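Before any comments, here is the structure.
The values are calculated or read from the model by the stated rules, or taken from the named source; none is laboratory data. Predicted model only: the values in this text are computed from it and were never measured. When we count neighbours, we look across all protein chains shown, and the Cβ atoms used for this are built from the backbone with ideal geometry, even at glycine. Areas reflect the complete protein model, heavy atoms only, side chains present, ligands, DNA and RNA absent. Shrake-Rupley method; radii C 1.70, N 1.55, O 1.52, S 1.80 Å.
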Amino acid sequence: VRVHGATVHYVTDDIDAGGIIAQCVVPVLPGDDETTLAARVLVQEHRLLPRAIRLLLQQRVHWDDGRVVANEAAGDDLALLAS
């Protein structure tokens, strides 16, 4: 595996099945073990969750008929979340 990451999604009855609000990717580096990788992912989770909540509170993304929809104002922030 070359990458790992974190995902913020809507909660549903099924585990990890809700629509994705935001994600980030963390590279798996040579020499990584579970602890070092988890520490880097945690840093990104701490950045990702407040940004995803902000998108929701500002109504820049919403749930519509079983899918996540981003409005035009979300564009730049969504690009940043994907990096």
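Residues to consider are 54, 2; find the one that is charged (D, E, K, R) and touching an Asp or Glu at 6+ places or on another chain (Cβ under 9 Å).
Checking each option against the conditions leaves just 54.
So, residue 81, is that one modelled with pLDDT of 90 or more and surrounded by 13 or more Cβ atoms within 10 Å (Cβ to Cβ) or not?
Judged against the criteria, residue 81 is not a match.
Of all residues in the range 21-40 being more than 29 Å from residue 61 (Cα to Cα) and not in a loop (DSSP other than H, G, I, E, B), which is nearest to the chain's Cα centre (by Cα)?
My answer is 37.
Criterion first (hydrophobic (A, V, I, L, M, F, W, C), at pLDDT 90 or above and in contact with a Gly (Cβ under 7 Å, 6 or more places away or on another chain)) does residue 3 satisfy it?
No; evaluated as a whole, the condition is false for this residue.
Residues that are open to solvent by 100 Å² or more (accessible area, probe 1.4 Å) and assigned to a helix (DSSP H, G or I): does the range 9-20 have at least one?
The answer is no, given that none of the residues of the range 9-20 is open to solvent by 100 Å² or more (accessible area, probe 1.4 Å) and assigned to a helix (DSSP H, G or I).
Just one of the numbered conditions (1) at pLDDT below 85; (2) of a type outside the set (Val, Ile, Thr); (3) under 12 Å from the mean Cα position of the chain (by Cα) is not true of residue 48; which one?
(1)
What number of residues in the range 24-52 are open to solvent by less than 80 Å² (accessible area, probe 1.4 Å) and within 16 Å of residue 11 (Cα to Cα)?
1
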